[in-house]
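The next block holds one structure in the form of structure tokens; read it before the comments.
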Amino acid sequence: MFSKEENYSLFDPSVSLREEVAEGTFAPKFSFDESIEHIKFSIDKVKILKKKEFLTKAEVYVAWIVADDTSDEPIQIGKTGIFENVKKNDELTLGPAGLTIYRSQSGKLPKYIRYSLLVIESDQGVREFGEAMEKVRSSDEFKAITKSIIATTALAAPQVALVTEGINFALKMIAKTMSMNKDDQMILIEGSYDRLFDDLGVVYNTVKKNSRYAEVHYSVKAV
């Protein structure tokens with residue numbers, strides 16, 4: 001599986017806020033604007049700080065897994081095309097407004113968003129990654145997990161453990177299918193936002209995370 005030690009970063013503000021609730025010290029910090037119709041999650045910038053291989057230029061792509069409790073597909077897996085000939089200090093061309101990787105359905109705001117973002121340096125093309133994604137989606141275990149998530153979306157509390165299990169299974173299976181290991185991983189970012197505790201992340205503006213090899217800026221916006 002992709003490493004959760006080297007080049008790993010976590011941003012999960014809801015966890016600490018839930019702990020404050022359990023301790024009885026939570027003071028509301030946010031006031032969610034219920035007039036918001038939908039939100040989008042974007043990767044705004046990816047900069048390559050250092051190559052992992054000893055080649056002059058590298059092949060890099062970005063992948064993501066996003067889960068919520070309102071989408072028809074509760075765990076969504078996606079990827080960019082491959083960026084070729086990437087050098088040290090290059091920024092990947094994501095477009096003038098960044099790359100939108102998730103957009104909630106109009107009028108159906110989720111209770112939570114959970115995500116994993118990956119920047120990968122590999123000589124295996126995105127075709128192989130696409131095949132790995134299809135293997136995840138068609139596996140009986142993944143289908144059972146997503147079915148359980150859909151069955152529990154009516155509950156008040158987000159099924160965090162179940163969603164985390166689904167994301168970890170997808171990451172593990174993708175890494176195994178593509179024969180990947182931590183040597184291919186430039187950065188793995190994971191986190192979650194909660195509508196009750198941190199306004200689904202819209203209050204944090206741009207979040208910046210980096211490892212030795214890559215720097216990633218991402219954000220959630222109300223649109």
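Just to be sure, is residue 2 surrounded by 17 or more Cβ atoms within 10 Å (Cβ to Cβ), at pLDDT below 75 and part of a loop (DSSP other than H, G, I, E, B)? Full working, then the answer.
Numbers: surrounded by 17 or more Cβ atoms within 10 Å (Cβ to Cβ): yes; at pLDDT below 75: yes; part of a loop (DSSP other than H, G, I, E, B): yes.
Taking the combined requirement at face value, the residue satisfies it.
A quick yes/no check of all residues on (1) over 20 Å from residue 207 (Cβ atoms); (2) among the hydrophobic types (A, V, I, L, M, F, W, C); (3) modelled with pLDDT of 90 or more:
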| position | (1), (2), (3) |
| --- | --- |
| 90 | yes, no, yes |
| 104 | no, no, yes |
| 113 | no, yes, yes |
| 124 | yes, no, no |
| 138 | yes, no, no |
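Answer with yes or no whether residue 149 is open to solvent by less than 40 Å² (accessible area, probe 1.4 Å), at pLDDT 85 or above and aliphatic (A, V, I, L, M).
On the way: open to solvent by less than 40 Å² (accessible area, probe 1.4 Å): yes; at pLDDT 85 or above: no; aliphatic (A, V, I, L, M): yes.
So residue 149 fails the test.
Kindly evaluate residue 70 against the criterion of being under 22 Å from residue 171 (Cα atoms), in a loop (DSSP other than H, G, I, E, B), open to solvent by less than 80 Å² (accessible area, probe 1.4 Å) and modelled with pLDDT of 85 or more. Give the steps one after another, and end with the answer.
Numbers: under 22 Å from residue 171 (Cα atoms): yes; in a loop (DSSP other than H, G, I, E, B): yes; open to solvent by less than 80 Å² (accessible area, probe 1.4 Å): yes; modelled with pLDDT of 85 or more: yes.
Criteria met by residue 70.
Can you run down the residue pairs with Cβ atoms below 6 Å, 6 or more apart or on separate chains, where the first is in segment 198-223 and among the β-branched types (Val, Ile, Thr) and the partner is surrounded by fewer than 16 Cβ atoms within 10 Å (Cβ to Cβ) and not in a strand (DSSP E or B)?
From segment 198-223, the pairs are 203/30.
Among the residues of segment 37-87, which ones are of a type in the set (Phe, Trp, Tyr) and touching a residue at least 60 places away in the same chain (Cβ under 8 Å)? Lay out the reasoning, then the answer.
Residues of segment 37-87 of a type in the set (Phe, Trp, Tyr): 41, 54, 61, 64, 83.
Listed by number, the residues that qualify are 41, 61.
Step by step: first the residues of segment 15-60, then only those that are over 27 Å from residue 213 (Cα atoms) and open to solvent by less than 50 Å² (accessible area, probe 1.4 Å), then the one that is modelled with the highest pLDDT. Which residue is that? Lay out the reasoning, then the answer.
So the first thing to find is which residues in segment 15-60 are over 27 Å from residue 213 (Cα atoms), and the list is 15-39.
Retained after the next criterion (residues that are open to solvent by less than 50 Å² (accessible area, probe 1.4 Å)): 17, 20, 32, 36, 38-39.
Values: 17: 77, 20: 76, 32: 77, 36: 84, 38: 88, 39: 93.
If we take residues in segment 15-60 being over 27 Å from residue 213 (Cα atoms) and open to solvent by less than 50 Å² (accessible area, probe 1.4 Å), then 39 is modelled with the highest pLDDT.
Condition first: outside any loop (DSSP other than H, G, I, E, B), open to solvent by 20 Å² or more (accessible area, probe 1.4 Å) and in contact with a helix residue (DSSP H, G or I) (Cβ under 6 Å, 6 or more places away or on another chain). Now tell me which residues in segment 84-140 satisfy that.
Within segment 84-140, 114, 135 qualify.
The values are calculated or read from the model by the stated rules, or taken from the named source; none is laboratory data. Owing to the predicted nature of the structure, the values given are computational and were not obtained by experimental measurement. In this analysis, Cβ positions are derived from the backbone assuming ideal geometry, glycine residues included, and neighbour counts consider all displayed protein chains. When the accessible area is computed, the model is the full protein with side chains, heavy atoms only, and any ligands, DNA or RNA have been set aside. Shrake-Rupley method; radii C 1.70, N 1.55, O 1.52, S 1.80 Å.
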